[in-house]
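I have placed the structure first, in the form of C-alpha cells, so that the comments after it can refer back to it.
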Amino acid sequence: MLQRRLLHTAKACLNKPLAPFTSTKYPKLKRNPCYSKITDKDVEHLRTFLTSSDLIYEKDPESTAIAHLNTDWFNLYRGSSSLCVFPKTTKQVSQILEYCHERQIAVVPQGGNTGVSGGAVPVFDEVIINLSKMDKIRHFDPISGVAIVDCGVVLEQLDQFLEPKGYTVPLDLGAKGSCQLGGNVSTNAGGLRLMRYGSLHGNVLGLEVVLPDGTVLDNISTLRKDNTGYDLKQLFIGAEGTLGIITGVSLLTPKRPKAVNVALIALESFEAIQKAFVLAKDHLTEILSAFEFWDQDSVGVVKSQLMQKSKYPLEGKHAFYALIETQGSKREHDETKLLEYIQLLMEKDIALDGVMAQSSDQIKTLWAWREKIPEAISKSGVALTYDVSMDVPLLYKLVKDTKEYFSKKDMLGPGKVYSNLIGFGHVGDGNLHIMANLNKTDSDGLKLMDEFIFSWAMKNKGSITAEHGIGVAKVQYMHRARSATQLQLMRTIKRAIDPKGIMNPYKVLPE
C-alpha cells in the first residue's frame, strides 16, 4: 500500500481549525460576477453522466464532506465550493468542462492537493474537479522507457510500477506518496534530483489536455524529437490549470541506477557548503545526483515533531548539514569515489564530520531527515513556505537577512510574527526553501513575511518561485516579477485558449 505521506485527508482537516477563507486573507480579491453560481439544476445535469460516488454536493462548504477539498494541506488557503466532481475518464472531464463553459461556471482542477501556493483549491465557489480517480497506467514501452499515464497516477505508484522493469521516474518529491503526475506537470514540479534529470519541460514528451470548452487536445506523443510547428505541450507545463486540464501524460523515464550511495556531512558555514558543492561536481562528476542542505534549526523541528526516538546520524550540533547522493552503474567504484570525496572534505577542513550509508535502510534514514522537514514544521503550527531561487552564493544570506529584519526593534519581533524559521533546499539548482511557523495569525504577519522575502529575491535577480508555482499566494507579485510585455503575452494566450476565463481563476495572472 502506498504511504500517503502528505495526504490532506478529511480526518486531518477535522483535527485542526479550518483555515481562514482565502478571500479574507486577500481582501482585494473579489468574486467575478460573470461566473454563474451552482444550482440544483446544474448538479442534476452532471449526475446524468457521473455516479453518486463521483460527486459531492454540499450547500454548506464547511460541511465535513467537502471542507477538506476546499482547503490546502498546509491549512493556509480555503475556498467555499459546494461541489466537487471526480471524473474517471477523459470523456467525463470533457463533458464537465463543456457544460461549465456553456454556463460560465468557474472550475479549479485538483490532484493530490499537496501544493503550497493555494493553486489547487477554490478561492470562492469554483467547482472542484478532483482527478484522483483517473489513476491508470496506460502503457509502458521497455525499449524507449516512455510511460503513458492518467493524470491521477500517484508519483510513487508509477515509480513502484517501473522498478521491476529497471526504470525510474525522473522526479522525486517529499510528497511522492500523495502527489499526482497531472499536478506535477501542471506546476512543473522540480524535486530533489533536478540537477541529474532536468525539469519536466524536458522529460514530458506529450500531453492529453481537455481545453476549457471541452475540446480534447490529443498530443500524447512518444517521440523525443519532433519539430512540427509549435510545441503546444509546453504551454500547459507549469500553467497551473489556468489553460486546461491535463488528463494524460507521456513521460520519458530513465534507467534505474544500479548503485545508489548517500552521505551526510556536517559543516560550520554556508561558504563551506559552497566549497563542498564545487568539490562534489569536480570529484563525483556524472554520478552526482543530488546535493541538498539544511540548517541546524531544521534538525530540531524534525526531531521534535516526527523523529523523537531517532538518533541523528552525526554527533554534536553543527550549523549546516549537506546530503550528497550518487547514482551510477558500478557500486564499488561509486562507493570509493564518495568515500574519497568525504575524506577530501575532511583533509581540506571543509567538513567537520561525515557518514556514508551502508544499506538501503540507512539511505532511507538519511533522506528522511531532509524529506520530513516540510511535514514536521507543518505539525508545529501554521506553516509558511517559500521556494525562491537565486545564485547559489546568496541562498542562505536570505535566511540570515530575514531573521535580522524581523528582529529589529521597530518590527513586531520574531516572537510575535514567526517561530522556527528554517532554511533548506537544493544547492544543485539554486532553490532555497524558507519555512516558518506564523504566530501572528492575521493577514498582517503573512504580508510582512511575503513582502520581505519576495522583494529580497527580486532585488537580487532571483525568482519568487522555483517549483511551487504562483497559485493565489504570489499572484499579486506578478506585476513586479514579470515585465508588462511578458504579462501581456501571457494574457493573450489565456484569452485565446480560455476566453470565458473559467479555468482556475484568480491564480497566476493578476487582474
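Please find the FRET efficiency linking THR336 to GLU404, where r is the Cβ-Cβ separation and R0 is fixed at 35 Å, and quote it to the nearest 0.05. Rounded to the nearest 0.05, the efficiency is 0.20.
The coefficient of translational diffusion for region 78-231, derived via Stokes-Einstein from the alpha carbon Kirkwood radius under 4 °C and 1.567 mPa s, stands at 78 µm²/s. In percent, rounded to a whole number, the relative contact order of region 127-185 is 32, using alpha-carbon pairs under 8 Å and six or more apart. For the chain, averaging the sequence separation of C-alpha pairs within contact (under 8 Å, six or more residues apart) and dividing by the residue count gives a relative contact order of 15 percent. For region 137-252, the dipole from Cβ point charges (+1 on Lys and Arg, -1 on Asp and Glu) about the Cα centre works out to 340 debye, to the nearest 20. When only the Cβ of Lys, Arg, Asp and Glu is charged (+1, +1, -1, -1), the dipole of region 381-480 relative to its Cα centre reaches about 280 debye. Separation of region 98-115 and region 12-82 by C-alpha centroid, Å? Rounded to whole Å, the Cα centres lie 11 Å apart. Placing a label point 7 Å from the Cα of ASP218 along the Cα-to-Cβ direction, the residues of region 78-115 with a backbone N closer than 15 Å are 90-92, 94. Ordered by the number of other Cβ atoms lying within 10 Å of each residue's own Cβ, fewest first, THR187, THR285 fall into the sequence THR285, THR187.
Dipole orientation for the chain: of the candidates ASN203, GLY241, HIS283, GLY241 has the Cα lying most toward the positive pole (charges on Cβ; Lys, Arg +1; Asp, Glu -1). Between the Cα long axis of helix 443-459 and the first principal axis of the chain there is an angle of about 60°, rounded to the nearest 10.
What's the FRET efficiency of ARG491 with LYS91 using the Cβ-Cβ distance as r and R₀ = 41 Å, to the nearest 0.05? The computed FRET efficiency comes out at 0.85.
Across the alpha-carbon set of the chain, the Rg to Rh ratio works out to 0.96, Rh being the Kirkwood radius. For the pair MET307 and GLN358, label points projected 7 Å from Cα toward Cβ lie 1.8 nm apart. Applying 1/(1 + (r/R0)^6) with r as the Cβ-Cβ distance of LEU18 and ASP135 and R0 = 41 angstrom yields a FRET efficiency of 0.90.
Using the rule -39500 (n - 2.57) for each DSSP H run of four or more residues, divided by the residues of the chain, the 222 nm mean residue ellipticity is -9500 deg cm²/dmol. Computed over Cα pairs, the Kirkwood radius of region 381-480 leads via Stokes-Einstein (1.002 mPa s, 20 °C) to a diffusion coefficient of 157 µm² per second. The dipole here belongs to the chain: it is taken about the Cα centre, uses +1 on the Cβ of Lys and Arg and -1 on the Cβ of Asp and Glu, and is about 620 debye. Full extension of the chain between GLU315 and LYS416 yields a length gain of 33.1 nm, computed as 0.36 nm times the residue separation minus the alpha carbon distance. Among LYS136, LYS59, LYS494, the ranking by other beta carbons within 10 Å of each residue's beta carbon, starting with the fewest, stands as LYS59, LYS136, LYS494.
Every number in this text was worked out from the coordinates using simple rules, so none of it is lab data. Since we're looking at a predicted model, the values are computed, not measured. Methodologically, a virtual Cβ is constructed for each residue, glycine included, from the backbone with ideal geometry; neighbour enumeration extends over all protein chains shown.
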